[in-house]
Structures are given as C-alpha cells and as structure tokens.
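Encoded as structure tokens, the structure appears first; notes follow it.
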Amino acid sequence: MSNTHSTRKKTEKSSSDADTLKPLADEKSLEIEAVSDPVKELENRCETAEQESRQHYERLLRVSADFENFKKRSFREADDFRKYANELLLLELLTVVDNLERAIQSTGQSTSSENNAAGCVIEGVEMTLKALLKIFDKFSVKLIEAVGKPFDPNFHQAMMQEASDLHPENTIIREFQKGYLLHDRLLRPSMVVVSKGPGKTE
C-alpha cells in the first residue's frame, strides 16, 4: 500500500516537473525566434531594396535611351529644317529660271538687226540668270542630268515615248523641262521623252 502511494507521488512529481519544464522550453523557443526574426527581416529588406534598385536602374537606362533618341531626332529635324526651309521659295524661282532660259534661247531665232537692238536686254537677262544660278548653288540646288541617261522614275517624269535607232530602250532622248535637287531631296523632276528602242512605234 505504501509502495503504491510512493509510486503515485513520484508520478505526480514527474508530471509536475514536466509541466514546469514545458513553459521554459517554450520561452527559449520564443527567445530564439525573437533573435532570428530581426535577421530574417533585415535579409528581406535587403532583397527588396536590391529589387527596387534594379528596377530604378533599368528605368534610368530606358529614360536615358529615350532622351538620346529624342536628341538625335531633334537634331535631325533641325538639320532638315535648316536644309529645306527655303524649298518652296526655290521651287518658285525655278519658273523664273525657265523663263530666262527660254528668253535667251529665243534670241538665236531672231535676225541680226533684232539681236543688235535687243543686245543690252539679252545681256541683262543672262546676268540675271547667272545670279540666280549662283544663289541656287549657294543653297545646294543641283541640276539633274537627264538627256542620254537611263530613265529613273525617282528623278524623271516621262511625258512621252518615241522610237529611236540611236538610243537604247528606256534612255532619255529629250528634255522638256529641267529637273533639280535640293541637297539630296527632289525639288522638281525632269520632264523627258523616253526612247522605246529601235523599230518601235506608238
């Protein structure tokens, strides 16, 4: 009987000791977690900061690239504006050049007495034409070569075709109106007659 009682006391004591140790273990676990949490939180913050930094850097690269493209585009547009700002004015002046050239060519069909009477006028016309051509040269207006050249729709406008034994097919025979370039841009196409080649009729 006494043994049973003694055993029961030991069991109760062991259970009591276990209950006492369990809170201590829980407290130690909480202490470990409390120590570990700041480290993990710091790691998470570092990882987040790295991701944000990477995103900001990539955004900066895109903005820098866009700005460089904008600068290049602005420079190109400004250069084009400077080169072609007078395009409409020069195009109108081409009509004046055409008329002056026709006036000079028409003097070859006049009699000698008429030429002598109009000599001063023709000389003035020639001087005016030369002055205009100098202005064209200053603004990079260049004459398009046409007669004897292969037809190129980028620079020539075909007004008609004719058979020719002297010129290969698709070669320009005559020029109705001269064409011009402004720098590398077409200002006005040459109006031309194109050969059909030998033995071909319209």
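The values are calculated or read from the model by the stated rules, or taken from the named source; none is laboratory data. Note that the structure is a prediction, hence the values are computed from the model and not measured. Note that each Cβ is placed from the backbone with ideal geometry, even for glycine, and that neighbours are counted across all protein chains shown.
Can you report the number of residues in the stretch 147-165 which are under 31 Å from the mean Cα position of the chain (by Cα) and among the hydrophobic types (A, V, I, L, M, F, W, C)?
Qualifying residue count for the region: 2.
Inspect the stretch 179-190 for any residue being among the aliphatic types (A, V, I, L, M), surrounded by 12 or more Cβ atoms within 10 Å (Cβ to Cβ), at pLDDT below 95 and not in a strand (DSSP E or B) and give the result as yes or no.
No, every residue in the stretch 179-190 fails to be among the aliphatic types (A, V, I, L, M), surrounded by 12 or more Cβ atoms within 10 Å (Cβ to Cβ), at pLDDT below 95 and not in a strand (DSSP E or B).
Please enumerate the residues belonging to the stretch 122-143 that are touching a residue at least 12 places away in the same chain (Cβ under 8 Å) and within 16 Å of Leu93 (Cβ to Cβ). First the steps, then the outcome.
Pass one, the stretch 122-143, residues touching a residue at least 12 places away in the same chain (Cβ under 8 Å): 122, 125-126, 128-129, 132-133, 135-136, 139-143.
Of everything in the stretch 122-143, those that are touching a residue at least 12 places away in the same chain (Cβ under 8 Å) and within 16 Å of Leu93 (Cβ to Cβ) turn out to be Val125, Thr128, Leu129, Leu132, Leu133, Ile135, Phe136, Phe139, Ser140, Val141, Lys142, Leu143.
Residues that are touching an Asp or Glu at 6+ places or on another chain (Cβ under 8 Å), at pLDDT 90 or above and polar (S, T, N, Q): does the stretch 149-163 have at least one?
Looking for residues that are touching an Asp or Glu at 6+ places or on another chain (Cβ under 8 Å), at pLDDT 90 or above and polar (S, T, N, Q), one finds at least one in the stretch 149-163, hence yes.
For the stretch 82-92, how many residues meet the condition of being touching a strand residue (DSSP E or B) at 6+ places or on another chain (Cβ under 9 Å) and of a type in the set (A, V, I, L, M, F, W, C)?
We begin by selecting, within the stretch 82-92, every residue touching a strand residue (DSSP E or B) at 6+ places or on another chain (Cβ under 9 Å); these are 83-84, 86-87, 90-91.
Narrowing the set further to residues that are of a type in the set (A, V, I, L, M, F, W, C) leaves 90-91.
Of the residues in the stretch 82-92, 2 are touching a strand residue (DSSP E or B) at 6+ places or on another chain (Cβ under 9 Å) and of a type in the set (A, V, I, L, M, F, W, C).
Count, please, the residues in the stretch 161-185 that happen to be more than 22 Å from Val97 (Cβ to Cβ) and either touching a residue at least 40 places away in the same chain (Cβ under 8 Å) or in the same structural domain as Leu90 (by TED's automatic domain parsing) (or both). Walk me through how you get there before you give the answer.
Initially, the stretch 161-185 is screened for residues more than 22 Å from Val97 (Cβ to Cβ), giving 161-171, 173.
Adding the requirement that they be either touching a residue at least 40 places away in the same chain (Cβ under 8 Å) or in the same structural domain as Leu90 (by TED's automatic domain parsing) (or both) leaves 161-162.
Counting residues in the stretch 161-185 that are more than 22 Å from Val97 (Cβ to Cβ) and either touching a residue at least 40 places away in the same chain (Cβ under 8 Å) or in the same structural domain as Leu90 (by TED's automatic domain parsing) (or both) gives 2.
Restricting to the stretch 124-166, count the residues that are exposed (fewer than 11 other Cβ atoms within 10 Å of the Cβ) and assigned to a loop (DSSP other than H, G, I, E, B).
Of the residues in the stretch 124-166, 5 are exposed (fewer than 11 other Cβ atoms within 10 Å of the Cβ) and assigned to a loop (DSSP other than H, G, I, E, B).
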